[in-house]
Amino acid sequence: MRGPAIAAALAAMMITGAPSMAQDAAGSAARTIAVGSKTFTESVVLGEIFTQLARLAGARAEHRKQIGGTRILFEALTRGDIDAYPEYTGTLTQELLPGTPAGALDAALAPLGLSMSAPLGFNNTYAIGMKPALADRLGIRAISDLRRHPALQFGFANEFMSRGDGWPALRARYGLPQTSVRGLDHDLAYRALDAGQIAATDLYSTDAEIRAYGLRVLEDDLRHFPDYQAVVLYRTALRHEAPAVVGRWEALAGRVGQDAMIALNARAKRDRVPEGRIASDFLTQTFGEASPFVSDTRAERIWMRTREHLWLVGVSMAGAILLGIPLGLWAAKQPRAGHAVLAVVGVAQTVPSLALLVFMIPLLGIGTWPAIAALCLYSLLPIVRNTHQGVTGIAADLRDSARSLGLPAAAVLRRIELPLASPAILAGIKTAAVINVGTATLGALIGAGGFGQPILTGIRLADVSLILEGAVPAALLALLAQVLRDSAGRLVVPRGLRLTRGR
């Protein structure tokens, strides 16, 4: 195979790895109601309830689960990437629309093209919790009592660490002296608290873990935390586009009590009941209408996530190859510009992968394409660098011999430089592919699916089998990428340049 065909052949190989996903993407043009949810169980359960209510209203609806935190969901809603998601009045007044009184939220949301339902019926406020034995030993009953124990180590949910109503405001309100504070995943914080690794953490008052772990909820004696009444936050345009759906959501007002929400959370966290089943049972009991729910088998879930992951990896790698090889060649041919090219792709590689995914949201929204764009950028450095090194490492006398024979520059590149550099280029592609497969699991945080979805769900539910459901196929896919690289090497690397083994 000639040198110029290297990039095209490898790109075609990666793209054809997920043809079914391309068909699915083309077939998804029909309008559906997209419901989002945050990365904690209650939000996922409520998101499933909203989704099934939309289907009962006769609409096509999809639930985009576990899409990051508050800001990501709110921006996705204002952009129109999703149509609704569960939110809380306290989060609106303290974090999203700071300074807005609860009674003025409707007016504040209107210019943004958003509306909210009446409260669903429960208040999921923030609280601070401790193990009772430690709290009794130290004489701690209220949050203000924590002032007397500056050495206590706190562990708070990552979002709580920076929210307007979170740790900074709580510390200022109570004058808390603690400096040993770490950010954790909300669900992992409970386990750290139970294991004695931290002394206190933030709670959601409807969390089933409060009872399961027998935690003490400290009195908010200065009334720092406001009410967090659960609501449906949705695009106002839906009142005209899908009035029956909005009517169903509004009918949910006052129908989800505090104890009922705790019980729903417990079914998901303790009993491992799928959120879709929980939502279906709740709607049947509440409205007397059966919402059909069919649970996927493990094999079906793995196949679906495999297709999603292949699409993410295949398209992003194809883009990285088609962009990275020309950039590497340019860097090799133009040394002055080459330093700038290598510096830019190097900087892209140093940006944390999760941050790079989030940076794409304002440009491309949430879902598959921002994840693909971020993965493409993240895969560039090994390809650009190895292409550059492969070409610049060719002995000068070989180029001189080719030029003395009268070969034009394009022919030298095609017949001499690219074939000689092909082993280094393929090594860079192999490195990029392995990085890409692992990093693609983070795409689930912005709704891109893939193997990250069961991993996130497994962490949230403390279900090792779900974590393995995503981690094991991702590892196997990384091994497959290496096998494909070796196979491609036999096609694109000239026979005389291949390493021989066992001879």
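How many of the residues in region 119-143 are touching a Gly at 6+ places or on another chain (Cβ under 7 Å) and surrounded by fewer than 14 Cβ atoms within 10 Å (Cβ to Cβ)?
1
Of the residues that make up region 104-116, is at least one outside any strand (DSSP E or B) and polar (S, T, N, Q)?
Checking region 104-116: not a single residue is outside any strand (DSSP E or B) and polar (S, T, N, Q).
Looking at region 165-186, can you tell me whether even one residue there is touching an Asp or Glu at 6+ places or on another chain (Cβ under 6 Å) and at pLDDT 90 or above?
No: zero hits.
Give the residue that is most open to solvent (accessible area, probe 1.4 Å), with candidates limited to residues of region 431-447 that are touching a Gly at 6+ places or on another chain (Cβ under 9 Å) and part of a helix (DSSP H, G or I).
So, considering only residues that are touching a Gly at 6+ places or on another chain (Cβ under 9 Å) and part of a helix (DSSP H, G or I), the one most open to solvent (accessible area, probe 1.4 Å) is L442.
Could you check how many residues of region 238-259 are open to solvent by 40 Å² or more (accessible area, probe 1.4 Å), touching a residue at least 24 places away in the same chain (Cβ under 8 Å) and either under 16 Å from F122 (Cβ atoms) or in a loop (DSSP other than H, G, I, E, B) (or both)?
4
Mind telling me which of the residues A61, A76 ends up being aliphatic (A, V, I, L, M) and open to solvent by 10 Å² or more (accessible area, probe 1.4 Å)?
Residue meeting the stated conditions: A61.
Can you pull out the residues in region 79-118 that are of a type in the set (V, I, T), farther than 21 Å from G68 by Cβ and open to solvent by less than 10 Å² (accessible area, probe 1.4 Å)?
none
Would you check which residues across region 450-463 are surrounded by fewer than 24 Cβ atoms within 10 Å (Cβ to Cβ) and within 11 Å of the chain's Cα centre (by Cα) and list them?
Listed by number, the residues that qualify are I455, L456.
Which members of region 183-212 meet the condition of being touching a residue at least 40 places away in the same chain (Cβ under 8 Å), open to solvent by 30 Å² or more (accessible area, probe 1.4 Å) and over 26 Å from the mean Cα position of the chain (by Cα)?
Once the filter is applied, which keeps residues that are touching a residue at least 40 places away in the same chain (Cβ under 8 Å), open to solvent by 30 Å² or more (accessible area, probe 1.4 Å) and over 26 Å from the mean Cα position of the chain (by Cα), region 183-212 yields D194, G196, Q197, R211, A212.
What are the residues in region 361-386 that are hydroxyl-bearing (S, T, Y) and open to solvent by 30 Å² or more (accessible area, probe 1.4 Å), if any?
Hits for region 361-386 are T368, Y378.
What is the number of the single condition among (1) touching a strand residue (DSSP E or B) at 6+ places or on another chain (Cβ under 7 Å); (2) under 20 Å from G139 (Cα atoms); (3) modelled with pLDDT under 95 that A189 does not meet?
(2)
Is it the case, given these coordinates, that A340 is more than 23 Å from the chain's Cα centre (by Cα), surrounded by 16 or more Cβ atoms within 10 Å (Cβ to Cβ) and in a helix (DSSP H, G or I)?
Judged against the criteria, A340 is not a match.
Is one or more of the residues making up region 221-232 more than 24 Å from Q66 (Cβ to Cβ), assigned to a loop (DSSP other than H, G, I, E, B) and among the aromatic types (F, W, Y)?
Yes, because at least one residue in region 221-232 is more than 24 Å from Q66 (Cβ to Cβ), assigned to a loop (DSSP other than H, G, I, E, B) and among the aromatic types (F, W, Y).
Can you name every residue in region 293-315 that is of a type in the set (A, V, I, L, M) and surrounded by 15 or more Cβ atoms within 10 Å (Cβ to Cβ)?
Result: I302, M304, L310, L312, V313, V315.
Within region 48-58, how many residues are open to solvent by 10 Å² or more (accessible area, probe 1.4 Å), closer than 13 Å to T32 by Cα and in a helix (DSSP H, G or I)?
1
Taking the conditions exactly as written (open to solvent by 50 Å² or more (accessible area, probe 1.4 Å) and farther than 18 Å from V44 by Cβ), does T284 satisfy them or not?
Against the criterion (open to solvent by 50 Å² or more (accessible area, probe 1.4 Å) and farther than 18 Å from V44 by Cβ), T284 qualifies.
Would you pick out the residues in region 260-309 that are under 29 Å from the mean Cα position of the chain (by Cα), over 18 Å from R211 (Cβ atoms) and in a loop (DSSP other than H, G, I, E, B)?
P274, S291, P292, F293, V294, S295, D296, T297, listed by residue number.
Among the listed residues I394, I383, identify the single one that is among the hydrophobic types (A, V, I, L, M, F, W, C) and part of a loop (DSSP other than H, G, I, E, B).
Sole residue among the options that is among the hydrophobic types (A, V, I, L, M, F, W, C) and part of a loop (DSSP other than H, G, I, E, B): I394.
The values are calculated or read from the model by the stated rules, or taken from the named source; none is laboratory data. These figures come from a predicted structure and were not determined experimentally. For neighbour counting, all protein chains shown are included, and Cβ atoms are generated from backbone atoms with ideal geometry for every residue, glycine included. To get the accessible areas, we keep the full protein, side chains included, count just its heavy atoms, and leave off ligands, DNA and RNA. Shrake-Rupley method; radii C 1.70, N 1.55, O 1.52, S 1.80 Å.
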